[in-house]
Amino acid sequence: MVLPLLEYKPTTQNHRVRNFGTADLNEDTPYLYRLETANSPGEIQALIWAAYRQIFNEQEILKFNRQITLETQLKNRSITVKDFIRGLVKSERFYELVVTPNSNYRLVEICLKRILGRTPYNRQEEIAWSIQIATKGWGGFVDALIDSAEYDQVFGDYTLPYQRQRRNTDRPFSFTPRYGADYRERAGIVRNRWYVQTYQTSAKNVDWGALSAVLVAITLGITFLLILNWFGISSVQ
């Protein structure tokens, strides 16, 4: 049984801001990429690069992240920008990089920022969307988010998602690390345990008596060679 999306409300009026505006002196209105205004191959390519930056959070387009089939379809205008975004988020590469290492709550935060251009309203919204992931699966969650009334009203079929809220930090929402703190902590614990266990195992397996004998033999050999060399020099003189 698929549960309906739970109701939630914005906690502040700032969550209703649709664009940057000009209130903050250090921020400008973001550049909007629209397919209907892309009149040249270069402009379409710029839109594609911006989509990769928005969804994959990569400032340099990595070759193994590219979805060539989707790019070709968009260039031929056989799909919309919305379809292109849907394809990127549902791609195996995105699943491997972002979905696999994260919890449902973390995925909700990342996708709201990168797809809807805003942070979660509150914990209630995170819970509501995480239930969608649990009941509909990843593909169903992506469809629910991209086919939502909010996405359609703000971006429609041809506008690339962009950050709609003023940020509280110097980094845009799209720069949100794909690994959460819990994942990094777990990875650190595993790495540290592996190092300690390996060191302890190696130390137990060492034959310290044999090692000491080898070191003594090497020291005596070097000393003997030095003595021979010294006598050789003395006889020449």
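Read-outs throughout are calculated quantities, based only on the coordinates presented, and are distinct from any laboratory measurement. As the structure is a prediction and not an experimental result, all values here were calculated from the model. Heads up, the Cβs are rebuilt from the backbone with ideal geometry, glycines too, and the neighbour counts pull from every protein chain shown.
Summary table below
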| item | result |
| --- | --- |
| For Thr135, Thr159, order by how many other beta-carbon atoms lie within 10 Å, fewest first | Thr135, Thr159 |
| Extension gain (nm, one decimal) between Ser212 and Glu92, 0.36 nm per residue minus Cα-Cα | 37.8 nm |
| Computed FRET value (nearest 0.05) for Asn39 with Thr135, which takes r as the C-beta separation and R₀ as 45 Å | 0.55 |
